[in-house]
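Encoded as structure tokens, the structure appears first; notes follow it.
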Amino acid sequence: MSSPYETITYVVEDHVAVLTLNRPAKLNAMSTELMAELRDCFAEINADTDVRVLVITGAGEKAFSTGFDLDLGETDPASPEYAAYIKGNFDTLMQLWNLRVPSVAAVNGYALAAGSTLALTCDITVAAEHAQFGEPEIRHYALSPMLPMLYFSGNPRMAHYLYYTGDMFTAQEAKEYGIIAKAVPSESLMDEALRIARRISMVAPYSVQLTKDSIRNTYENMGFSRAMNYHRLADTLSLTAHGIPEKDELREARRADVRTFLQMRDGPFRA
């Protein structure tokens with residue numbers, strides 16, 4: 001059966017669903033279309049009781065995902081449409097967080113910005129040894145990131161450092177910080193992710209569901225949803241703000257040329 005999706009692929013075999021971000025020429029950047037297809041796919045998974053676990057990965061050898069697509073055309077950041085775009089992205093990631101079944105991220109390369117957040121929103125994250133993570137949003141005067149998952153998945157003091165600087169970190173560092181479960185050779189990545197997924201799929205579904213519900217309730221008692229919603233509000237205010245010279249300069253560079261934008265954003269940190 002052919003996939004009904006254009007920017008992702010989705011297959012199910014033996015109770016394990018595999019969702020692949022499929023824009024390798026764009027390093028699997030998360031376009032508006034891709035985010036809409038993720039929402040549809042997550043809804044499909046929730047409705048399909050044959051699916052017991054989800055694996056998410058990226059097409060190609062370079063990237064899991066480099067984050068939201070920077071090409072937003074002429075969209076005015078001060079417009080209601082842009083605020084709706086931000087909320088739609090937030091809701092998509094929360095939809096993954098609240099998915100009926102456990103999810104496993106198989107990070108096959110760069111996982112940056114929203115790509116890093118997507119990987120860390122999964123219940124379990126496994127990465128190839130050459131993979132790199134990063135949350136560089138603060139460098140263009142936005143909050144890092146769409147969901148501040150590092151606070152709930154690793155060492156909070158390390159989260160402060162990574163969020164305040166936007167610095168990248170390797171898969172091995174992520175493992176040492178307690179952010180991901182495993183760092184494995186690239187040739188073993190999907191085998192390891194699928195091995196984990198199959199072991200989960202062998203457990204009685206009701207038991208897994210109750211366990212996930214209990215874990216999510218623990219996060220709620222820690223203030224998870226309240227923290228995420230506050231962060232979304234602050235992020236929206238940050239992204240739509242005008243009158244900040246440095247931010248306006250970066251915004252114009254982004255509209256004109258992505259390479260110039262990236263150089264202005266990351267160049268000073270390469271010294």
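Applying 1/(1 + (r/R0)^6) with R0 = 25 Å to the Cβ-Cβ distance of Asp257 and Ala25, what FRET efficiency is obtained, to the nearest 0.05?
With a Förster radius of 25 Å, E is 0.85.
Considering the convex hull of the alpha carbon atoms of segment 8-240, report its projected area averaged over all viewing directions, in nm², one decimal.
With every direction weighted equally, the projected area is 11.8 nm².
Cβ neighbours within 10 Å, averaged per peptide: list 210-218, 128-136, 31-39 in order, most packed at the top.
Peptide ranking by packing, descending: 128-136, 31-39, 210-218.
Give the aspartates and glutamates reachable from Lys62 as a straight Cα distance under 14 Å; neighbours fewer than 8 places away on the same chain don't count.
Glu129, Glu187
Name the shape class, rounded, prolate or oblate, that the alpha-carbon gyration tensor gives for segment 191-231, where a ≥ b ≥ c are the square roots of its eigenvalues, rounded holds for a/c under 1.5, and otherwise prolate holds if a/b is larger than b/c and oblate otherwise.
Oblate, since a/c reaches 1.5 and b/c is not below a/b.
If each residue's Cβ is checked for other Cβ atoms within 10 Å, how do Leu27, Leu233 rank with the fewest at the top?
Placing the least packed residue first, the sequence is Leu233, Leu27.
When the helix-only estimate is applied to the chain (DSSP H runs of n ≥ 4, each -39,500 (n - 2.57), divided by the residue count), what is the mean residue ellipticity at 222 nm, nearest 500 deg cm²/dmol?
Rounded to the nearest 500, the figure is -15000 deg cm²/dmol.
In straight Cα distance, which lysines are under 28 Å from Lys212, not counting same-chain residues fewer than 8 positions off?
Answer for Lys212, where 28 Å is the Cα cut-off: Lys87, Lys175, Lys182, listed by chain and number.
Given the alpha-carbon gyration tensor of segment 7-125, what are the semi-axes of its equivalent ellipsoid in whole angstrom, ordered largest first, with each equal to the square root of 5 times an eigenvalue?
The three semi-axes for segment 7-125 are 24, 17, 12 Å.
In sequence order, what are the phi-derived ³J(HN,Hα) couplings for segment 14-28 according to the Karplus relation 6.51 cos²θ - 1.76 cosθ + 1.60 with θ = phi - 60°, rounded to whole Hz, with x for glycine and proline?
Per-residue couplings from phi come out as 6, 6, 10, 9, 10, 10, 10, 5, 10, 10, x, 5, 10, 6, 6 Hz.
Tabulate in residue order the Karplus-calculated ³J(HN,Hα) for segment 167-177, using 6.51 cos²θ - 1.76 cosθ + 1.60 with θ = phi - 60°, rounded to whole Hz; enter x for Gly and Pro.
Taking θ as phi minus 60°, the curve returns 5, 7, 9, 7, 4, 5, 5, 4, 5, 5, 6 Hz for segment 167-177.
Can you give me the long-range amide H partners of Val184? Hydrogens built in the peptide plane at 1.01 Å from N, cutoff under 5 Å, separation of 5 or more residues or another chain.
Sorted by chain and number, the residues that satisfy this are Ala127, Ala128, Glu129.
Can you sort Ile138, Ile45, Ile180 from fewest to most other Cβ atoms within 10 Å of each residue's own Cβ?
Ordered by Cβ neighbours within 10 Å, fewest first: Ile138, Ile45, Ile180.
Rounded to the nearest 0.05, what FRET efficiency do Ala234 and Asp266 have when you use their Cβ-Cβ distance and R0 = 35 Å?
So the FRET efficiency works out to roughly 0.95.
Skipping prolines and chain starts, which residues have an amide H placed within reach, meaning under 5 Å, of the one on Ala105, given they are 5 or more residues away or on another chain?
The answer is Ile56, Ile124, Thr125, Val126.
All of the numbers you see were taken from the coordinates with simple rules; none came from a lab. Keep in mind that what you see is a predicted model, and the values were worked out from it rather than measured. In this analysis, Cβ positions are derived from the backbone assuming ideal geometry, glycine residues included, and neighbour counts consider all displayed protein chains.
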